[in-house]
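See below for the structure under consideration.
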Amino acid sequence: MPKSKDVFTVAHRVSEADRVAANRHRGGILWFTGLSGAGKSTLAIELEKALFARRYQVYTLDGDNVRQGLNTDLGFSPADRTENIRRIGEVAALFAEAGFVVVTAFISPYRADRERIRARHPKYFNEVYINASLDVCEARDTKGLYRRARAGELKEFTGISAPYEPPAAAELEVRAGEKSIEACLADLLAFVERRLALK
Ligand SMILES: Nc1ncnc2c1ncn2[C@@H]1O[C@H](COP(=O)(O)OP(=O)(O)OP(=O)(O)O)[C@@H](O)[C@H]1O
Ligand SMILES: [Mg+2]
């Protein structure tokens, strides 16, 4: 809810249907969630490239890029994490309204935070579980963060010292712990074509 009561909605004269017709696809959010190292960034970037090549309007929102600008004022306390995800959800919805396929690549460990975005933007929100087990992610340890978390250097690290709440009913589950990157990408592309492309 806006703080002020004196907030008014402006009507556009480019309709959503106009944008869909021009783009040949609908706008939507692919909300990736999964453990650190599961493959969210890798698959988001590959998907963005593949969709762009297919003439989609597509953009990825990922980690530090957002914390360096929009969310510079936020840290990693539970309240700040929740606000971080809330703002990303609102930005993603604006992109979707503008006709884009938006891929977001944040751990977003709390089910309630994700469900809040779904409830606010049901038309656009697609939860995509990038599923790789803790064992697999820890063995990959691409950023060396699991080793540091096990050594006690990182507190509140998702999967080790902070919870990860897997989706209860994701629109798509990508088995990134077992399949190749190419096979995961194929699953994602098929989903986008099924959900968002004009028939
Ligand atoms: N099927 C797969 N899908 C995605 N990544 C894979 C797959 N198989 C192996 N990998 C490897 O796993 C690693 C995933 O790292 P990535 O940075 O994408 O994870 P992330 O989920 O974005 O983590 P973080 O939350 O820390 O940003 C990469 O090194 C990637 O090459
Ligand atoms: Mg990442």
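The values are calculated or read from the model by the stated rules, or taken from the named source; none is laboratory data. Bear in mind that the values here come from a model prediction, so they are computed numbers and not experimental data. Glycine also receives a Cβ, built like all others from the backbone with ideal geometry; neighbour counts cover every protein chain displayed.
Assorted remarks:
- Within segment 38-85, restricting attention to residues that are among the basic types (Lys, Arg) and modelled with pLDDT of 95 or more, the residue that is farthest from Ser180 (Cα to Cα) is Arg55.
- Looking across segment 69-91 at every residue that is within 16 Å of ligand 2 (Cβ to nearest atom) and not polar (S, T, N, Q), the one that is farthest from Glu46 (Cα to Cα) is identified as Phe76.
- Any chance Asn84 is under 30 Å from Ser161 (Cβ atoms) and either charged (D, E, K, R) or out of contact with any Cys (no Cβ under 6 Å at 6 or more places or on another chain) (or both): yes
- Taken over segment 1-20, the criterion of being free of Cβ contacts under 8 Å to residues at least 12 places away in the same chain and farther than 18 Å from Arg120 by Cβ is satisfied by Ser4, Lys5, Asp6, Phe8, Val10, Ala11, His12, Arg13, Val14, Ser15, Ala17, Asp18.
- Segment 91-111, residues that are assigned to a helix (DSSP H, G or I) and touching a residue at least 40 places away in the same chain (Cβ under 8 Å): Ala92, Ala93, Phe95, Ala96, Glu97, Arg111
- Any hit, segment 16-26, residues being part of a strand (DSSP E or B) and out of contact with any Lys or Arg (no Cβ under 6 Å at 6 or more places or on another chain): yes
- Here segment 27-68 is the region considered, the condition is being more than 10 Å from ligand 2 (Cβ to nearest atom) and assigned to a loop (DSSP other than H, G, I, E, B), and the residue that is farthest from Glu90 (Cα to Cα) is Arg54.
- When each of Ile117, Ile45, Ile130, Ile85 is tested for being within 12 Å of ligand 1 (Cβ to nearest atom) and in contact with a Lys or Arg (Cβ under 8 Å, 6 or more places away or on another chain), the lone residue that passes is Ile130.
- Count - residues of segment 124-138 that are over 26 Å from Ala79 (Cα atoms) and either under 11 Å from the mean Cα position of the chain (by Cα) or away from ligand 2 (no atom under 16 Å from the Cβ) (or both): 2
- Within segment 149-199, considering residues that are in a strand (DSSP E or B) and in contact with a helix residue (DSSP H, G or I) (Cβ under 6 Å, 6 or more places away or on another chain), the one surrounded by the fewest Cβ atoms within 10 Å (Cβ to Cβ): Leu172
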